[in-house]
Amino acid sequence: MSFLEMRGVVKRFGSLEVLRGLNLSIEEHDVVCLIGASGCGKSTLLRCINGLEPISGGEIQILGDRVSGAGVDVNRLRRDVGIVFQSFNLFPHMSVLENICLAPRQVLALSKAEAEARAYELLKRVQLEQKAKAYPDQLSGGQQQRVAIARALAMQPMLMLLDEITSALDPELVAEVLDLVRELASEGMTMLLATHEMGFAKEVSSKVCFLYQGVVHEEGTPEQIFSAPKKPRTQAFLKSIIEAGRL
Amino acid sequence: MTDRSARFRAPSIPKSAMPISLAALLVSSLTTLFTWWVIWQLALVLAGVTEEKITNANEKNVYWSEMLPRVAALPIWAWLGLGILVLIPLWLFIPAFKSAKAATRAKGYLQKQDLIAARVATADSSNTAWFSIGYAIFILLGFTGLWFIIAKDVAVGSTFFKLDLMLEKAGLVGQAFLTNVFIFMVAQVFILIWALIVALARMIPGEAGQPIRLLATFYTDAFRGLPSVITIYLIGFGLPLTGIPILGDLSPVWYAIFALTLTYGAYVAEVYRAGIESIHPSQMMAARSLGLNFFQTMRFVIVPQAVRRIIPPLLNDFVGLQKDTALVNVIGTIDAFNQARILASNNFNLSTVTIVAILFVLITIPQARLVDRLLEQDARKTRGAK
């Protein structure tokens with residue numbers, strides 16, 4: 001039994017079919033990178049997994065439990081599946097500490113002291129302890145994204161979904177966020193990343209999936225996908241990436 | 001050499017600011033003449049000279065010999081006050097002269113071919129000229145108002161601003177104004193809570209929420225459309241007639257609070273809704289993705305941000321509410337306006353109503369400043385560099 005299993009997942013927005021019967025399975029401690037052109041459905045796929053977008057067909061299972069469709073407690077599901085967004089989406093009216101403590105206190109019903117202890121531990125980890133009392137608008141993009149990762153980790157999720165988390169960052173801030181993801185990977189966190197950082201995908205992932213026309217067009221180990229892609233679409237995509245100097 | 005570099009080499013010559021400076025001097029002079037004439041009229045009023053006496057004096061050709069001693073006999077405080085008034089328009093000449101001097105300087109620089117200095121002086125000159133013209137208009141309007149009040153033997157003044165009557169009745173009217181204050185203070189608290197409930201009811205998600213959404217929409221449509229005076233009238237007179245227990249035995253003040261809460265609750269619910277909808281959906285998404293449910297998300301993430309944004313329009317509606325407390329006189333509540341009207345008809349003079357007008361204006365000003373300060377403080381807290 002796989003950790004995460006997606007079978008024939010379909011997602012439509014009106015008449016637009018974004019996911020067209022997508023199959024994907026992930027084992028525990030896998031780091032899976034989703035690559036593909038803009039609009040190929042990477043973000044939609046991630047949002048379907050934690051129920052932010054209801055799927056139109058197919059089924060998603062986590063550890064054998066169905067987590068899509070009717071009758072699923074999405075609030076319960078989201079405790080175990082953390083997501084980090086491209087645009088950070090920190091709560092601007094709360095300090096860094098309050099951002100991190102909100103969900104553990106309200107959803108997990110931790111006491112203030114417990115939540116704060118957990119938050120400080122995570123802040124130490126993302127090297128932002130001294131920013132605990134700062135507000136998001138006072139931080140750089142890289143710092144905000146690290147706080148967002150800490151906020152997701154505070155729920156102690158089983159699976160982390162990272163949705164192009166470095167795309168909105170200035171180039172010099174990308175490294176600090178990727179270092180953190182690298183660390184999480186080495187600790188065995190199961191992760192699913194949508195990314196345009198091909199070099200990073202090559203280095204960190206245990207599996208790479210190329211999405212094309214709403215399905216996983218080709219998947220394999222990073223060496224296999226980046227060095228010897230089998231299908232012409234994958235080859236064309238990687239060729240354009242190399243020509244743009246991004247690999 | 002291209003045209004463009006030629007243009008840089010021969011910068012344009014600034015147009016002389018002398019005409020506008022002269023205009024400023026002229027406007028200042030005319031303003032001075034007008035204000036002094038108004039001040040003279042004021043002096044005559046203070047000296048107790050009526051229009052009739054002036055006409056008589058004019059007929060006998062003894063205007064100045066009659067009026068001057070009267071004005072000269074004014075007490076010292078009147079002289080001091082009038083003296084200060086006389087100085088006000090003269091102040092306009094400071095920028096006007098500065099402007100003329102700068103314009104002359106600019107001319108000198110132009111002769112010396114110093115274009116940059118000429119430009120600076122010209123800009124300086126036209127700036128100060130407009131400054132003096134602007135304030136001349138300000139002063140003109142002010143003194144026109146004063147003239148309007150004292151004209152025709154202080155006809156306007158004694159109708160609206162009869163000082164002795166105002167001072168005598170200020171206590172009574174002020175006391176009645178406490179009723180208005182009580183009504184809007186209590187109503188505001190109710191409205192803040194009630195409108196948030198209505199706003200959330202209008203936005204409740206899902207199919208099951210539909211009847212609640214419909215109810216809330218129907219309520220806002222109905223009570224936003226109803227004139228508040230009609231709501232007050234119907235509730236204030238209607239509910240006691242029905243004899244319904246509790247609801248039927250309230251005092252008029254509580255009916256007024258009830259009616260105003262219903263009316264303004266509808267307005268404020270829409271303000272809340274606009275504020276909530278102005279928060280980017282990604283905030284809702286981020287909160288929900290952490291496992292918070294709809295109401296937790298609203299309570300901790302969306303509404304706190306929305307409230308910060310709606311404070312200015314909220315104040316707008318609250319000022320409207322405060323003014324509408326004057327409508328409660330239709331159900332016989334003795335509020336400030338009702339009290340002032342009674343006093344006005346007893347004394348055949350509207351000055352007591354002016355007191356109410358002044359009170360209403362006075363209470364809104366500190367509120368506006370307080371809101372400005374709150375917003376500024378919040379902005380400094382969340383955005384200021386640390």
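Can you give the Kirkwood hydrodynamic radius of region A:1-116 from its Cα pairs, in Å with one decimal? Before the final figure, lay out each step's value.
Numbers: mean 1/r = 0.0625 Å⁻¹.
The Cα-based Kirkwood calculation yields 16.0 Å.
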Taking only the alpha-carbon positions of region A:84-154 as identical scatterers, the Debye log10 I(q)/I(0) at q = 0.21 Å⁻¹ comes out as -0.78
Residues whose modelled amide H sits under 5 Å from the amide H of A:Gly58, counting only those 5 or more places away in sequence or on another chain, are A:Val10
Hull surface over four for the Cα convex hull of region A:37-98, reported in nm², is 6.0
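Among the listed pairs A:Lys202/A:Lys230; B:Lys169/B:Lys323; A:Lys124/B:Lys381; A:Lys11/A:Lys202; A:Lys112/A:Lys133, which are separated by more than 19 Å between their Cα atoms? Don't skip to the end; give the middle numbers.
Numbers: A:Lys202/A:Lys230 17 Å; B:Lys169/B:Lys323 21 Å; A:Lys124/B:Lys381 24 Å; A:Lys11/A:Lys202 28 Å; A:Lys112/A:Lys133 15 Å.
Over 19 Å Cα-Cα: B:Lys169/B:Lys323; A:Lys124/B:Lys381; A:Lys11/A:Lys202.
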Ranked packing of B:242-253, B:173-184, most packed first, by mean Cβ within 10 Å: B:173-184, B:242-253
What Rg and what Dmax come out for region A:124-240 when only alpha-carbon atoms are used, in angstroms? 16.0, 51
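Which order do peptides B:31-43, A:168-180 fall in by mean Cβ count within 10 Å, highest first?
Details: B:31-43: 18.1, A:168-180: 15.8.
Highest-to-lowest ranking by the protection proxy: B:31-43, A:168-180.
For region B:1-116, what is the Kirkwood estimate of the hydrodynamic radius, computed as the reciprocal of the mean inverse distance between distinct Cα atoms, to one decimal in Å? Intermediate values should be presented prior to the final figure.
Working: mean 1/r = 0.0544 Å⁻¹.
Result for region B:1-116 stands at 18.4 Å.
Would you mind giving the mean number of other chain beta-carbons within 10 Å of the Cβ of each residue in A:72-83, as a whole number? Could you put the intermediate results ahead of the total?
Numbers: counts 0, 2, 4, 7, 1, 1, 6, 2, 1, 2, 3, 4.
The shielding value for this peptide is 3.
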Over every pair of different alpha-carbon atoms in chain B, take the mean of 1/r and invert it; report that Kirkwood radius in Å. 27.4
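So if the hydrodynamic radius of region A:169-211 is defined as the Kirkwood radius over C-alpha pairs, what does Stokes-Einstein give as its diffusion coefficient at 20 °C and 1.002 mPa s, in µm² per second? Spell out each step's value before the answer.
Numbers: Rh = 11.1 Å.
My calculation gives 192 µm²/s for D.
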Selection from B:Gln111, B:Ile54, B:Ser125, by position along the positive dipole direction of chain B (Cβ): B:Gln111
Restricting to aspartates and glutamates and to Cα separations under 17 Å from A:Lys231, and discarding same-chain partners fewer than 8 apart, the set is A:Glu218, A:Glu219, A:Glu223
Take every Cα-Cα distance within region B:228-347, group them into 10 Å bins from 0 onward, and report for each bin the whole-number percent of pairs it holds. 13, 29, 23, 20, 12, 3, 1
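What do you get for Rg/Rh of chain A when both radii come from the Cα atoms and Rh is the Kirkwood radius? Don't skip to the answer; put the middle values down first.
Numbers: Rg = 18.1 Å, Rh = 18.6 Å.
A ratio of 0.97.
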Using only the alpha carbons of the protein assembly as shown, determine the length spanned along each of the three principal axes and report them from longest to shortest in whole angstroms. 118, 95, 48
A correct Karplus calculation of ³J(HN,Hα) over region B:264-279, with 6.51 cos²θ - 1.76 cosθ + 1.60, θ = phi - 60°, whole Hz and x for Gly and Pro, returns 6, x, 5, 4, 5, 4, 5, 5, 4, 4, 4, x, 5, 6, 7, 7
Could you give the semi-axes, largest first, of the ellipsoid that matches region B:251-290, computed as the square roots of 5 times the alpha carbon gyration tensor eigenvalues and rounded to whole Å? 35, 10, 4
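Read the figures in this text as sums done on the coordinates, not as results from a lab. Since the structure is predicted, the reported quantities are computational estimates derived from the model, not experimental observations. No Cβ is skipped: glycine too gets one built from the backbone with ideal geometry, and neighbour counts run over all protein chains shown.
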